[in-house]
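A.B. asks: Structure provided below as structure tokens; questions to follow.
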Amino acid sequence: MASLRQMRLVRWARLRVTVVTLVSLLILGTLVYLLSGGGLFTRRVVIYLYVPDATGVEPGAPVRVDGIDVGRVATVGLSGSKQLDRVIRLSLNVDRVQLPSIHTDSTAQISADTMIGDKFVDIASGPGIAPIRPGQELRLKEQADLMRTLDLAQFNAQLRQIDAVLSEIENGKNAVGQLVLSEDLYNDLRDRLTGLEKGLRRAVDVSGTLGQVIYGRDVYQRIAEPLEALDHSIELIQEGQGTAGHLLRDEAEYRNLASQVADLRKGIAQARSGPLLASEALYTDWNRKLGQWIAAVDDVNSNPALETSAAYDNLNGMARTLRDTLRDFRQNPRKYLRLKVF
């Protein structure tokens, strides 16, 4: 019984050792894969780049195509060439799957992300379609010489301007210098900030007018009630209630409205094509008749009986007399009935 138990313990110990070993190998493989940049099992090809100077470029430096990493610098060494632009040869390990993105007319140069950053090989893909083959050479892009392109006179003028600005700051002649050397501008800025803080406090104070506008319930309700009414009206229209809702929901209403609009357009078209608007002679005849009517009205207005108020006053007096007589007759008809006996 004891021997059987010992055998089980030995088997369990062997199993644990095996599991720990497998897990350790898995962790080690993962670390190697990550440290290699994920390209441990990636097939790589070698292409070459000749440069006049490899200062700052070391093996392992990135190789990028239009800003995308495609490989690493394998070796940096002397080429043995007598040409000044081919003194150093760089061997570039590039992923085979990324090789079609590098064309035969692509150019490369040594670049850096910042002025003091690490150097890398920057490849600019060309407009061609033929990809570069393994073992071929990249064409170096010429880089301008800094001392040739730098305008020393302009650089000196800029330095003088910077020196003048710094001198004004040190002497307190500008706003920055006054802020640094004098307390007046600082105190003024602090007073303005204090006033701004007080204004913000008054704004958020519910006892003030602005605070009531911002936090008051009445203003919110006055704004919210029309919006709620509008929302309710839109909801009724969507549910098909009201005239607009029936028009949107009922196809017959829409067709009836469309028919009325079509009839109105047809009537307008007929009126526009009528003889009054289409015939110039008829229009001239109507214009002539209107002119005659206007002249007749002018003749009536120019009548002497209408120019003075005497005729109007006489007619008005006769009408009043007739009205009084009729009223008296209705009230006392016996006054006007006289019988004679023969």
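Just so it is clear, none of the values below were taken in a lab; they were calculated from the coordinates. Given the structure is predicted, the values throughout are model-derived calculations rather than measurements. As a convention, Cβ positions derive from the backbone with ideal geometry for all residues, glycine included, and neighbour counts pool all protein chains shown.
A.B. asks: If each of VAL23 and ARG5 carries a label point 7 Å out from its Cα toward its Cβ, how far apart are those two points in nm?
C.D. replies: According to this spin-label approximation, the distance is 2.7 nm.
A.B. asks: If we sort 60-68, 166-174 on the protection proxy, mean other Cβ atoms within 10 Å, highest first, what's the order?
C.D. replies: 60-68, 166-174
A.B. asks: Taking loop as defined by DSSP and a crowding limit of 11 other beta carbons within 10 Å, which trypsin sites (Lys or Arg not before Pro) in the stretch 74-108 fit?
C.D. replies: Taking the stretch 74-108 and a limit of 11 other Cβ atoms within 10 Å, the loop trypsin sites (Lys or Arg not before Pro) found are LYS82.
A.B. asks: Same structure again: With the crude spin-label approximation of a point 7 Å out along Cα→Cβ, what separation in nm comes out for ASN314 versus ALA252?
C.D. replies: 7.1
A.B. asks: Here's something else I'd like to know. Quick one: if you stick a label point 7 Å off each Cα along the C-beta vector at TRP286 and LEU326, how many nm between them?
C.D. replies: The answer from the label model is 4.2 nm.
A.B. asks: Another question, then. Give the order of ASP263, ASP122 when sorted by the count of other beta carbons within 10 angstrom, beginning with the fewest.
C.D. replies: ASP263, ASP122
A.B. asks: On to the next question. Let's test the formula: R0 of 25 Å, r as the Cβ-Cβ distance of ALA130 and VAL46. What FRET efficiency results, to the nearest 0.05?
C.D. replies: 0.85
A.B. asks: Would you please state which residues of the stretch 120-135 a label at THR75 would reach in this model, taking the label point 7 Å out along Cα→Cβ and a backbone N cut-off of under 18 Å?
C.D. replies: 134-135
A.B. asks: Compute the distance from the alpha-carbon center of the stretch 40-73 to that of the stretch 1-33, in whole Å.
C.D. replies: Centre-to-centre distance over Cα atoms comes out at 43 Å.
A.B. asks: Using Cβ contacts closer than 10 Å as the measure, can you line up VAL261, VAL73, VAL45 from fewest to most?
C.D. replies: Least to most surrounded, the residues fall as VAL261, VAL45, VAL73.
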